[in-house]
1. Restricting attention to segment 322-349, report how many residues are loosely packed, with under 14 Cβ neighbours inside 10 Å and under 17 Å from residue 285 (Cα atoms).
2. Somewhere in segment 308-318, is a residue over 25 Å from residue 158 (Cα atoms) and among the hydrophobic types (A, V, I, L, M, F, W, C)?
3. Scanning for something closer than 17 Å to residue 13 by Cα and without any contact (Cβ under 8 Å) to a residue 24 or more places away in the chain, does segment 242-259 turn up at least one residue?
4. Identify all residues within segment 350-359 that are under 31 Å from the mean Cα position of the chain (by Cα) and surrounded by 16 or more Cβ atoms within 10 Å (Cβ to Cβ); write none if there are none.
5. Could you name every one of the helices (runs of 4 or more DSSP H) located completely within segment 13-123 that has at least 1 residues being open to solvent by less than 10 Å² (accessible area, probe 1.4 Å) and more than 20 Å from residue 136 (Cα to Cα)?
6. If only one of 287, 230 is within 26 Å of the chain's Cα centre (by Cα), touching a residue at least 60 places away in the same chain (Cβ under 8 Å) and more than 15 Å from residue 163 (Cα to Cα), which one is it?
7. Picking from 342, 251, which residue would you name as being more than 30 Å from residue 168 (Cβ to Cβ) and either touching a His at 6+ places or on another chain (Cβ under 7 Å) or not basic (Lys, Arg) (or both)?
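The values are calculated or read from the model by the stated rules, or taken from the named source; none is laboratory data. Predicted model only: the values in this text are computed from it and were never measured. FYI the Cβ positions are ideal-geometry reconstructions off the backbone, even for glycines, and counts take in every protein chain you see. Ligands, DNA and RNA are stripped out before the accessible areas are found, and what is left, the full protein with its side chains, is counted by its heavy atoms. Shrake-Rupley method; radii C 1.70, N 1.55, O 1.52, S 1.80 Å.
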Amino acid sequence: MDARKSIATARRIVVKAGSSSLTTPQGTIDADRIDALVDVLAARRATGTEIVFVSSGAIAAGLGPLGLTRRPPDLATQQAAASVGQGLLVARYTSSFARYGVGVAQVLLTADDMIRRVHHRNAQRCMAQLLNLGVLPIVNENDAVATDEIRFGDNDRLAALVAHLTRADALILLSDVDALYTGDPRQPGARRIDEVRTPADLGGIQLGGSGRVGTGGMVTKVEAARIAGIPVVLTNAASAAAAIAGQPVGTYFHPDARHRSTRHLWLAHATTGQGRIVLDQGAVEAIVQRRKSLLPAGVTGVEGDFAAGDPVDLCGTDGRVVARGLVNYDAAEIPDLMGRSTRWLARELGPEYEREIIHRDDLVVLTTDEEARA
């Protein structure tokens, strides 16, 4: 069976549109482009497929009302533009989907909503209930309050994580380029890539930079496809109908056979280490090769100021990060535990100290066995 038929028969699809797919050459929202994309989404939804739409464009929508001619470089003005533009953007979608009798809901997320387990579960329940009620969720970053997240990769990584959050069957990434190429498609000799089966297929490929009003480029889209772990198509908005129907347009990324759990993907790609714990070589090998928990005996140092429950990076003595996990202790507690066995700690400090620094269920390995042994 043609691999793309899995998209044609998908029960639930996440579609992501970047700012360049929704705006005019001047960077303002293009009503005709929005209506054309809504036509495609509504048509697929009418066949019984559930659609989750991840839309960029809040900042772009706010440029005109604020008298700005281009995306502002400073964070405060970006946040102001997003505050003005988000309401206008959702109002435009509400009006456009109303032509088909489809109700929509605005869902604003930040990376923090993916990092913190309670937020993650709440977002998951909310999205599930919206779909149960027949409402089409329109997801965007909460740019008005985001800091580092405002440069999340033009929502590409967010879209991949939303695909996991909603247990989607396919992901469609719409860009201003019709596919992935071996180089800049505007230059002679650049060859279109129809399929990507493994990371090896991308060897030697030059990935382009960011677009006109968005923040993402091909790098973030390729990473999003890797994170998603489900069938992914990268193409332009003009090819959206064909892509969502499973036709041979754009670049098709085959699902990863080593599909990680949502929780491990969340730890690897939606969190940022709030500090570092330095490990001896034995602990590095135990975590990377044998997937063991991190015990106090293997810790040789701690860096940063973090609290129990925060994500922290684990690194060897050479400083190379090998894993990330949710720590069970505050940073200030760890120096007194280093090099000790959990049995000794329980005897000297009390039974509450007879626990791992990080449990293996809360750990994700970020390196290979070979790299860990190097």
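1. So the answer is 1.
2. Checked against the condition, which is being over 25 Å from residue 158 (Cα atoms) and among the hydrophobic types (A, V, I, L, M, F, W, C), segment 308-318 yields at least one hit.
3. Yes; the residues of segment 242-259 include at least one that is closer than 17 Å to residue 13 by Cα and without any contact (Cβ under 8 Å) to a residue 24 or more places away in the chain.
4. 356, 357, 358
5. Counting at least 1 such residues, we get 58-63, 75-98, 111-115.
6. Sole residue among the options that is within 26 Å of the chain's Cα centre (by Cα), touching a residue at least 60 places away in the same chain (Cβ under 8 Å) and more than 15 Å from residue 163 (Cα to Cα): 287.
7. Exactly one residue qualifies, and that residue is 342.
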